[in-house]
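See below for the structure under consideration.
Derivation of every value follows stated rules applied to the coordinates shown; laboratory data play no part. Since this is a predicted model, take the numbers as computed values, not measurements. Positions of Cβ are backbone-derived with ideal geometry, glycine not excepted, and every protein chain shown enters the neighbour counts.
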Amino acid sequence: MRTLIIGLLLSALAAGTALAVYPSKTINYAGCGAGPVAFSGRHHSQPCSRCHNQQTFPRMQQGEVSITMAAIDEGRLCGSCHNGRQAFASKDNCQRCHQSQ
Ligand code: HEC
Ligand code: HEC
Ligand code: HEC
C-alpha cells in the first residue's frame with residue numbers, strides 16, 4: 001500500500017500534475033444542482049493519510065468516490081471533519097461549500 005501511494009505520488013509529480021492539496025490546487029465538483037463546490041488545497045493542509053485512507057478517499061484521483069450529502073451528514077468523507085468539531089458543520093453551512101451560481 002505504501003509503495004502504491006509513493007508510486008502514485010511520483011507518477012503525479014513526473015506527469016507535472018498539481019497535487020490535490022497544493023495551496024494552488026482546487027478540485028471542482030459540479031454539486032448536483034446544489035451549486036458547485038470548490039475543494040481547495042489552501043484550506044486543507046492535513047497529512048495525506050488523513051484523507052487518503054481506506055475509509056475516506058482511498059484513491060488519489062478525482063471522481064473515485066461519489067460524494068453524497070447523506071455520507072457527509074453521517075460524518076463520513078468531507079463530514080469526517082466538517083462536523084462542527086474539526087471544521088464547520090455541513091448542516092447550516094451549505095453556502096460555505098456550495099457557491100451560488
Ligand atoms: C482534506 C482531505 C485531503 C487531504 C489532506 C489530501 N487530499 Fe488528495 N484528494 C482529496 C480529495 C477529496 C480528492 C478527490 C477524490 C475523489 O473525488 O474521489 C483528492 C485527490 C487527490 C489527487 C488527484 C487530483 C486530481 O486532479 O484528480 C491527488 C494527486 C492527491 N489527492 C494527492 C494528495 C497528496 C499527495 C496529499 C498529501 C500531500 C493529499 N492529496 C492530501 C482530499 C485530500
Ligand atoms: C481532514 C479534515 C477535513 C476534511 C476531510 C475536509 N475538510 Fe474542508 N476544511 C477543513 C478545515 C480545518 C477547514 C478550515 C475552515 C474551518 O476551520 O472550519 C476547511 C475548509 C473548507 C472550505 C472553505 C470554506 C470557507 O468558508 O472558507 C471548503 C469549501 C471545504 N473545506 C470543503 C471541503 C470538501 C468539499 C471536503 C470533501 C471533499 C472537505 N472540505 C474535507 C477540514 C477538512
Ligand atoms: C463540507 C462541504 C459541504 C457542505 C457544508 C454542504 N455540502 Fe452538499 N455536497 C458537497 C459535495 C462535495 C457534494 C458532491 C458534489 C458532486 O459530486 O458534484 C455535495 C452534494 C450535494 C447534493 C447532491 C448530492 C446528494 O447527496 O443529494 C445536494 C442536494 C447537497 N449537496 C445539498 C447540500 C445542502 C442543502 C447543504 C446544507 C444543509 C450542503 N449540501 C452542505 C459538499 C458540501
Which whole-number percentage describes the relative contact order of segment 18-97, with Cα contacts under 8 Å and a sequence gap of 6 or more? 18 percent
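What share of Cα pairs, in percent, lie more than 18 angstrom apart in segment 18-97? Intermediate values should be presented prior to the final figure.
Numbers: 1243 of 3160 pairs.
Above the 18 Å cut-off, segment 18-97 has 39 percent of its Cα pairs.
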Given points 7 Å out from each Cα along the Cα-Cβ axis, report the MET69 to SER24 separation in nanometres with one decimal. 3.5 nm
